[in-house]
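Working notes, structure below.
Read-outs: derived from the displayed coordinates by stated rules, not from any lab. Nothing here was measured: the structure is a model prediction, and the numbers come from that model. Backbone-built Cβ (ideal geometry, glycine too); neighbour counts: all protein chains shown.
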């Protein structure tokens, strides 16, 4: 076996899905040419099986968007599998993609929630602080000065560390 086959066996299916998800089909000339050929073949097939009353299609832009999306997806899978020597199951891929995108949304939603909101009254708050006025929403901490004479004395002995020996007198 070649090292390419060994490495492809070692990759998990999730890695294959992620690779397909991120694959740059727009800059893949074989895919672009192949997709145009798929559309042309579809037009020929469609026009050869016309039912009475159906309109003949002459341009790719006349193909229904759902059909066009399906053909595009099938072409992507075919060219991806040819290029990478990987196997891609579309149903499993869509399940993975739904789960993957929901995780991305959770992460981005979580990041949005944790960002501190900026106050629109920034100048007013600065003015309150500079003039020693209370800022609304901030807890007032009383100024208490502790006197050492009134403070209680600690009565417990300091704990010995495990490596220190206790001296018995």
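Some points to look at:
- Label sites at residue 131 and residue 37, each approximated as a point 7 angstrom past Cα along Cα to Cβ, lie 7.8 nm apart.
- Residues in region 27-54 that a label on residue 82 would reach, taking backbone N under 12 Å of a point 7 Å out along Cα→Cβ: 29-38
- Spin-label model distance (nm) - residue 148 vs residue 13, 7 Å beyond Cα toward Cβ: 7.3 nm
- FRET E, pair residue 90, residue 23, Förster distance 25 Å, beta-carbon r, rounded to 0.05: 0.95
- When the Cα convex hull of region 3-88 is projected onto planes of every orientation, the mean area is 6.9 nm².
- Estimated at 0.36 nm per residue, the fully extended path between residue 164 and residue 104 surpasses their Cα-Cα distance by 16.2 nm.
- Packing here is the average count of other Cβ atoms within 10 Å per residue, and on that basis the peptides 80-87, 13-20, 44-51, highest first, run 13-20, 80-87, 44-51.
- Contact order, relative form, for region 3-88: 35 percent (alpha carbon pairs under 8 Å, 6 or more residues apart, mean separation divided by residue count).
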